[in-house]
Amino acid sequence: MDVLGRYRNLIVLVGVLFAQVLGLAVQVKRTTDSEPTRLIRVWAVDVVTPLEKALHWVQTSTGNVWHNYFYLRGVRAENRDLKQQIERMSLEQVRMSQDADQARRLQALLAFKEQFISRTMAAQVIGSSGSELSRAVYIDKGESDGIKPDMAVITADGIVGKVLRVYRSTSQVLLIDDQTSGVGAILDKTRLQGILRGTPAGEVVLEKVMSDEAVPAGEMVLTSGGDGIFPKGLLVGRVTKVAPGSELFLNIRVRPAADLSKLEEVLVVTKIDERQVQPDQTGAARAVDILAERLPTVPSKPENAAKADTPGAVAPGTVAPKGAGSDAKPKAVSPEAFAGSGAPAARKTASSPSSSSGAASGTSSETSTGTSSGNAAAATETPATKVSPKPVKAKATATDAPQPQPAVEDSPH
């Protein structure tokens, strides 16, 4: 109280001056580029801004400490799990790559052909059938754009339907949930095939699947390519419910992948290419090579056997047969017999044509010496024979005088 009483006049003066400044700040406006602002607001912002900056810095620092220190306590375990997952995915990728290469080789071996969408045309949905019994839409592309009936209509999510009628500038597309539609479909994992049809209620069901098969809910349904309209492998939808149906088939409900009630832009498949799978030349082995290795092969014929099959030829190391018949087989000669039988003499006999012709002429008139002359002739043709010509004694007759046999000279040549 003493302080207030002593400085009362000064406090009152300061208060009055503050009130005047505050009043001026409320009345005075600062003009900016956008709009005029009162001076009191500017001062208030200038006073509060440092405090807000301090509070924001404290909050940011606290958050950084939490994320950089306390939150990192579980990062090590998470990092370890991620590394294990990456390793498993790498092994799975290698296995899938090998399976894909093997599938390509087998498909090339079987002359397998695949269908590819090579050309599409974008179209916009401009209307619908307006009837619950007929589920169809109209697009703004027609005959003048190259659209033809039975062309597939798809979206990025899945198939939509097929072109039913074509006009000059528009076309009518029959959706897959129409009761008159039909799409060849196949289940992704179980590989069961069926026919996809619509119902009067607007649902999509998969027919012609036997009741003894197990079809899990949530399995993907793809096009099988059997209808000749949709290429194989396009997404149709997923199985939502499986129940026993009439007769021996299941009642499988399918949710289409494309939202058929909210179609705006679609793609019309105008061309489908059919290509044959090419074998992978970069692999370690191809299926064709593996198959060629497993096939039985015919061994090649030996050279000696080929020479022996020719008529009139005698294999080396054999003796000509004694008889003149064609059924006689050559007899093999051992190396020891060939070494000690006087083979040089046989070679000298074969090299002297005069001596061999004399021996043949000296024995031609006698019937008992026919075999010996045949042996001598065969011996002269074969360089490996052991037979040497010997004089044969002939009986004297009244009409034929005995003739001396010519001697064989062992003259070196």
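Given the conditions (1) in a strand (DSSP E or B); (2) out of contact with any Asp or Glu (no Cβ under 9 Å at 6 or more places or on another chain); (3) surrounded by fewer than 12 Cβ atoms within 10 Å (Cβ to Cβ), and given that Ala122 satisfies all but one, which numbered condition is not satisfied?
(2) is the only condition that Ala122 fails.
Thr155: among the β-branched types (Val, Ile, Thr), open to solvent by 10 Å² or more (accessible area, probe 1.4 Å) and more than 22 Å from Thr223 (Cβ to Cβ), yes or no?
no
Which members of segment 125-157 meet the condition of being part of a loop (DSSP other than H, G, I, E, B), small (Gly, Ala, Ser) and under 21 Å from Lys271 (Cβ atoms)?
Gly142, Gly146, Ala156
Mind checking whether some residue in segment 181-197 is more than 16 Å from Thr270 (Cβ to Cβ), among the aliphatic types (A, V, I, L, M) and without any contact (Cβ under 8 Å) to a residue 24 or more places away in the chain?
Within segment 181-197 (the criterion being more than 16 Å from Thr270 (Cβ to Cβ), among the aliphatic types (A, V, I, L, M) and without any contact (Cβ under 8 Å) to a residue 24 or more places away in the chain), the answer is yes, since at least one residue qualifies.
If the Cβ limit is 9 Å and pairs must be 6+ apart or interchain, which residue in segment 1-26 that is at pLDDT 80 or above pairs with which residue that is open to solvent by 70 Å² or more (accessible area, probe 1.4 Å)?
Ile11/Leu4
Quick one: count up the residues across segment 256-272 that are surrounded by 14 or more Cβ atoms within 10 Å (Cβ to Cβ) and either more than 23 Å from Ile139 (Cα to Cα) or touching a Ser or Thr at 6+ places or on another chain (Cβ under 9 Å) (or both).
Qualifying residue count for the region: 9.
So in segment 158-194, with the set limited to residues that are part of a strand (DSSP E or B) and among the basic types (Lys, Arg), which one is farthest from the chain's Cα centre (by Cα)?
Step by step, filter segment 158-194, then rank; the result is Arg165.
Looking at Gly194, Gly161, which one is under 22 Å from Thr120 (Cα atoms) and of a type outside the set (Phe, Trp, Tyr)?
After applying the criteria, what remains is Gly161.
The values are calculated or read from the model by the stated rules, or taken from the named source; none is laboratory data. These numbers were taken from a predicted model, which means no experiment stands behind them. Virtual Cβ from ideal backbone geometry, glycine too; neighbours counted across all protein chains shown. Surface accessibility is based on the protein's heavy atoms, side chains included, excluding ligands, DNA and RNA. Shrake-Rupley method; radii C 1.70, N 1.55, O 1.52, S 1.80 Å.
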